[in-house]
Amino acid sequence: MTSIPLVDLGWQHAQVADDVATGWAEVLARTAFVGGPAVSRFEAEYAAYLGVEHCVGVANGTDAIELALRAVGVGPGDECVVPANTFIATAEAVARTGATTVLVDCRPDDALIDVDAAAAALTPRTKAVLPVHLYGQMVDVAGLAARLPEGVAIVEDAAQSQGARRDGITAGAAGTIAATSFYPGKNLGAYGDAGAVMTDDAELAAAVRLLGAHGSERKYVHDTLGFNSRLDALQAVVLSVKLRRLDAWNEERRAAAKRYEALLSGVEQVTLPVVADGSEPVWHLYVVQVDRRDEVLAELNAGGIGAGIHYPTPVHLTGAFAGLGQGKGAFPVSEAMGERILSLPLYPGITAEQQERVAEALTAAVTR
Ligand SMILES: *Cc1c(COP(=O)(O)O)cnc(C)c1O
């Protein structure tokens, strides 16, 4: 039996191969590889897609978060509130600015940052809160904003939520500034590393652009200490081509999520993802919860099903953040989830037969 991958980028490539080849030929002919018209075009298209004023292409999603934080003025002595249940890049970006990472627990239902816990973690030093729209589902940013004093920025981590909405607001257009990643496996994925920062604020956008270009607005004039984080033209071409299909591909993900729900809702050993009222997720990942997760995962993998875990270790229990001094027990919800979560294969192009096979294998594994 053929195996079922966790994600299938080949299916996407087959849809866009001709358009990418045409666009790449233009870039090669023009030899404008970093920045240039292809990058400006994508930046304008993505800003319009989200409904924000400015989009600045950068080298990857982690840089995007760091640049967004630096643009709002985060640095040494500041505190930033981050969910313990996220990909490590969110916390890493905070640490790289020199600010202190203040972790908070997640909600037991949708696994997103617990807004009450975030509000409780505020101190006079808090400069930013980073809601992570995990698994393709948006945090209640309006609810979060209502709990924050003036001067605390909302820096969205929108890496997993391209196209997601909640109460009519689009992920990446809800906070002070937002960062996203176009890592190949994201809903909108490049053919290598890429990312972007989005904001309605022209000054913040200019600050991001300045910092990502060696602190230089004019060639060889460096009044600010910056670094190098720019979007390549070849990646921008891929992103422009794929952006035209993003809504259709997200619809495919939604249909696949519905199908899993139908296939698995009768299996009491499987806890299905919870979606808040008013939330329109884009299912970057389809994460269920099961007991004996490691055994179930091993059984699925042995049967050729590319299930995975996102993420097995909450940030505070990683070696990188051991310095925070928060051991086991600090964030019980994130820790408990870390032991039960299981990501099932879900991608545009997944077939009903593939999903039926996944559901069958999962049902067999959890009822053993
Ligand atoms: C992918 C991801 C990032 C980092 O993006 P890179 O492009 O890999 O640097 C940050 N946050 C979350 C939630 C992600 O999923």
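Might you let me know whether region 62-81 holds any residue that is outside any strand (DSSP E or B), within 16 Å of the ligand (Cβ to nearest atom) and open to solvent by 60 Å² or more (accessible area, probe 1.4 Å)? The answer is yes, given that some residue of region 62-81 is outside any strand (DSSP E or B), within 16 Å of the ligand (Cβ to nearest atom) and open to solvent by 60 Å² or more (accessible area, probe 1.4 Å). Pairing each residue of region 55-70 that is basic (Lys, Arg) with any residue that is modelled with pLDDT of 95 or more, provided the two are 6+ apart or on different chains, yields C-beta distances under 7 Å for ARG70/THR97; ARG70/LEU211. Only a single criterion out of (1) outside any loop (DSSP other than H, G, I, E, B); (2) touching a residue at least 12 places away in the same chain (Cβ under 8 Å); (3) among the aliphatic types (A, V, I, L, M) is not satisfied by LEU188, namely (1). With respect to (1) more than 15 Å from the ligand (Cβ to nearest atom); (2) open to solvent by less than 20 Å² (accessible area, probe 1.4 Å); (3) over 17 Å from GLY195 (Cα atoms), the lone exception for MET138 is condition (1). Of the residues making up region 90-101, none is away from the ligand (no atom under 16 Å from the Cβ), more than 30 Å from GLN355 (Cβ to Cβ), of a type outside the set (Gly, Ala, Ser) and touching a helix residue (DSSP H, G or I) at 6+ places or on another chain (Cβ under 6 Å).
For region 191-222, the set of residues classified as open to solvent by less than 30 Å² (accessible area, probe 1.4 Å) and within 14 Å of the chain's Cα centre (by Cα) consists of ALA194, GLY195, ALA196, VAL197, MET198, listed by residue number. Remark: VAL152 matches the filter, which requires a residue to be surrounded by fewer than 24 Cβ atoms within 10 Å (Cβ to Cβ), in contact (Cβ under 8 Å) with a residue 12 or more places away in the chain and of a type in the set (A, V, I, L, M, F, W, C).
One residue stands out among those in region 155-185 that are in a strand (DSSP E or B) and near the ligand (Cβ under 9 Å from one of its atoms): the one that is farthest from GLY143 (Cα to Cα), which is SER181.
The values are calculated or read from the model by the stated rules, or taken from the named source; none is laboratory data. The shown structure was predicted, so the numbers you read here are calculated from the model rather than taken from an experiment. Positions of Cβ are backbone-derived with ideal geometry, glycine not excepted, and every protein chain shown enters the neighbour counts. What goes into the accessible areas is simple: the full protein's heavy atoms, side chains included, and nothing from ligands, DNA or RNA. Shrake-Rupley method; radii C 1.70, N 1.55, O 1.52, S 1.80 Å.
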